[in-house]
1. Sort out which residues of the stretch 9-28 are touching a residue at least 60 places away in the same chain (Cβ under 8 Å), outside any helix (DSSP H, G or I) and more than 18 Å from the chain's Cα centre (by Cα), and write them in order of number.
2. Test residue 191 against the criterion of being surrounded by fewer than 18 Cβ atoms within 10 Å (Cβ to Cβ), closer than 23 Å to residue 78 by Cα, aliphatic (A, V, I, L, M) and free of Cβ contacts under 8 Å to residues at least 60 places away in the same chain, and give yes or no.
3. Kindly check whether there is at least one residue in the stretch 225-242 that is under 20 Å from residue 280 (Cβ atoms), outside the structural domain of residue 129 (by TED's automatic domain parsing) and not hydroxyl-bearing (Ser, Thr, Tyr).
4. Among 75, 36, 63, 98, which is the only one that is modelled with pLDDT of 95 or more and out of contact with any His (no Cβ under 8 Å at 6 or more places or on another chain)?
5. Evaluate the stretch 119-126: report whether one residue or more is more than 21 Å from residue 230 (Cα to Cα) and either touching a Lys or Arg at 6+ places or on another chain (Cβ under 9 Å) or crowded, with 18+ Cβ neighbours inside 10 Å (or both).
6. Given the condition at pLDDT 95 or above, within 22 Å of residue 13 (Cβ to Cβ) and in contact with a strand residue (DSSP E or B) (Cβ under 9 Å, 6 or more places away or on another chain), answer yes or no: does some residue in the stretch 171-192 qualify?
7. State the number of residues belonging to the stretch 31-59 that are touching a Gly at 6+ places or on another chain (Cβ under 8 Å) and either without any contact (Cβ under 8 Å) to a residue 24 or more places away in the chain or in a helix (DSSP H, G or I) (or both).
8. So in the stretch 84-100, with the set limited to residues that are more than 15 Å from the chain's Cα centre (by Cα) and in a strand (DSSP E or B), which one is farthest from residue 178 (Cα to Cα)?
Amino acid sequence: MDGAEHTIGIVGVGLIGGSIAVALRDRGFEGRLVGVSRAPERLARQANADALNHISGHLSEAVAECSLLIFCTPVDAIIPGVRSIAQQIQPGTLLTDVGSAKAAICNALTSVVPPSAAFVGSHPLAGSEKQGIQHARPDLFHDRCCVITPTSATPTDQHKRLAAFWQSLGAQVVSMTPEDHDVVLAKTSHVPHVAAAALASQLDTAHFPLAATGFRDTTRIAAGDPEIWTAILEQNATATIECLDRYLTCLGEFREAIATEDVSRLKILLEAAKRNRDALD
């Protein structure tokens, strides 16, 4: 980790925020780390909290001293959070987030942050259904993709600065527009979560003992925090609905092949799915 950042603020110190903190320390960051939490006393008692130099319950305290401020809160809290400190943002400050939906956030905050500072969206594709800093890992971002979502108003130097930050944590950085990000993530993350949740919801409790590895693997992500996922799906509703419609069409093709005993068509559908899945490994 280079010395470009001297004081970094992490707003919302759960799995992602906590992993940023422990990853920075693991890579030799000697600057100051400030954690912002709604329950600072409880956070201070958690494992890995010692990676932070200071824990505050007040966002205004962090923005006054941080050159980089990372919002790791649920997506519906990011816009209100930045707006609440807009008048206190210091010149040169870089603000970012880790939210799974980007267009609404980036479009709203471009005009909120003063011209002397910058908000640039980012989304590290890392994490799990587990929550809390006690689950933080220094290698969480290693070799994982992190999407940065600059807009036409993003200063080039701030874009490069944010890319360098995520790369210092081991991430592979990709840049795209906020809108493109939301379309892609609807396909790769948001619809899969809805599909897993629907599959988990239809299982009768009497059949739980028969839910073996395949069912558990397929529905693992349905264990994610419902409040967090409600906010994500609300913010990315349009792209998610479009992708859900395509998914339902695909399910309909499987249903039709099974219902009509079209073995050849069913095999073609399964082979196409296997090729795509094998290509991910």
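The values are calculated or read from the model by the stated rules, or taken from the named source; none is laboratory data. Keep in mind that what you see is a predicted model, and the values were worked out from it rather than measured. Ideal geometry is used to build each Cβ from the backbone, glycine not excepted, and the neighbour counts take in all protein chains shown.
1. Within the stretch 9-28, just 27 meets the criteria.
2. When the stated conditions are applied, residue 191 does not pass them.
3. Checking the stretch 225-242: not a single residue is under 20 Å from residue 280 (Cβ atoms), outside the structural domain of residue 129 (by TED's automatic domain parsing) and not hydroxyl-bearing (Ser, Thr, Tyr).
4. 75
5. Yes, there is a match, as at least one residue in the stretch 119-126 is more than 21 Å from residue 230 (Cα to Cα) and either touching a Lys or Arg at 6+ places or on another chain (Cβ under 9 Å) or crowded, with 18+ Cβ neighbours inside 10 Å (or both).
6. Looking through the stretch 171-192, at least one residue is at pLDDT 95 or above, within 22 Å of residue 13 (Cβ to Cβ) and in contact with a strand residue (DSSP E or B) (Cβ under 9 Å, 6 or more places away or on another chain).
7. So the count comes out to 9.
8. 94
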